[in-house]
């Protein structure tokens, strides 16, 4: 069982500098062909200062930093038992290439179902930019199946 | 296609569906690199088999990113207020996903006129892999 003492645990801040080349790679990986996501001129025509990060991109912050991996180690969840249960985003201001986004997560809940056969960890995060503005809120539910 | 407006959109309207190519290993490898999700279970068949899986399988966030493409192809991303997904099944190699969205409600939220959209990602066998919901503010 995952120790419920981790409820309230704050993960170390993850700092993600948003780079054009990474966004272009991400667009390629998801098959995005809208030039707003790959061509700076098209992004500016659409009203963005630079290439916008697609809606789900900020999930990368805690993967790049290693915070996600450290959390799994702390909670003793092996990757063979790991599933992504839910993911949510609330959006406030756009994150674009040139911005630096900082994601700070807290473990907000841990619970189980089916007499412990499935354990759930809920992580909520705030993503802010270099101006201190709230960019997005993220909610992740990870599942450990036994 | 003109961008949708609050008045032009009706409950029951379907967003133009998105049908990415069937999931293959190259896509999973590229997404691992681009997304930062280096979990080898999605890219290394040996790791997947040791975990009891028949083969590698898609990252959940790849399927969610495709639903994101569905939304931003319909309305500019700057209008997207909320985007939630529940992963209901594993997306396997060869799965050809159909991503769809339906307007289910018109509402006002935080002083903005919005539509609530139900999202679905299902494979060619009709098996649901992701259900989701989005809130989009419309002019």
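Throughout, read-outs are computed from the coordinates displayed, never taken from laboratory work. This structure is a prediction, so every number in the text was calculated from the model and none was measured. Glycine also receives a Cβ, built like all others from the backbone with ideal geometry; neighbour counts cover every protein chain displayed.
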ask   = Can you give the angle from 0 to 90° between the axis of helix B:25-35 and the longest principal axis of chain B, with both taken from C-alpha atoms, to the nearest 10?
value = 60 degrees
query = Can you tell which of A:12, A:52, A:78 shows the greatest fluctuation in a Gaussian network model of chain A with Cα springs below 10 Å?
reply = A:78
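Would the protein assembly as shown count as rounded, prolate or oblate if I go by the C-alpha gyration tensor, calling it rounded below 1.5 in a/c and otherwise prolate when a/b exceeds b/c, oblate otherwise?
Note, shape of the protein assembly as shown comes out rounded.
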ask   = Angle, helix A:20-30 long axis vs. longest principal axis of chain A, Cα atoms, 0 to 90°, nearest 10?
value = 60 degrees
request  = Compute the FRET efficiency between residue A:28 and residue B:106 as 1/(1 + (r/R0)^6), taking r as their Cβ-Cβ distance and R0 = 45 Å, and round to the nearest 0.05.
outcome  = 0.80
key: Residues listed by number, the stretch A:117-146, amide nitrogen under 16 Å from residue A:74 label point at 7 Å toward C-beta   = A:121-126, A:140-142
task = Give, as ranges by residue number, the residues of the stretch B:58-94 whose backbone N falls under 11 Å from the point 7 Å along Cα→Cβ of residue A:139.
result = B:83-85
task = Take chain B, connect every pair of alpha-carbon atoms lying under 10 Å apart with a spring to form a Gaussian network, then pick out the residue of B:53, B:64, B:97 with the largest mean-square fluctuation.
result = B:53
query = Say each of residue A:111 and residue A:146 gets a label point 7 Å from the Cα, pointing the same way as Cα to Cβ; how far apart are those two points in nm?
reply = 1.8 nm
inquiry  = Give the separation of the Cα centroids, the stretch B:67-81 to the stretch A:126-146, in Å.
reply    = 19 Å
message = Given axes a ≥ b ≥ c from the Cα gyration tensor, I'd like to know whether the stretch B:59-137 is rounded (a/c under 1.5), prolate (a/b larger than b/c) or oblate.
response = prolate
ask   = Taking square-rooted eigenvalues a ≥ b ≥ c of the alpha carbon gyration tensor, is chain B rounded, prolate or oblate, where a/c under 1.5 means rounded and, failing that, a/b exceeding b/c means prolate?
value = prolate
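Rounded to the nearest 500, what is the protein assembly as shown's calculated 222 nm mean residue ellipticity when only DSSP H runs of at least 4 contribute -39500 (n - 2.57) each, over all residues?
On the way: 7 runs with 63 residues, N = 285.
Helices in the protein assembly as shown give a 222 nm mean residue ellipticity of -6000 deg cm²/dmol.
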inquiry  = Could you work out the relative contact order of chain B? I mean the mean sequence separation of Cα pairs under 8 Å and 6+ apart, divided by the number of residues, in percent.
reply    = 30 percent
task = Grab the Cα-Cα distance for residue A:83 and residue A:19, subtract it from 0.36 nm times how many residues apart they are, and report the gain in nm with one decimal.
result = 20.2 nm
ask   = In percent, what relative contact order does chain A have, based on Cα pairs under 8 Å that are 6 or more apart in sequence?
value = 30 percent
Evaluated over chain A, the Cα radius of gyration and Dmax, each in Å = 16.8, 55
request  = Determine, for A:20, B:86, the number of other Cβ atoms within 10 Å of each Cβ, and report the residues in order from fewest to most.
outcome  = A:20, B:86
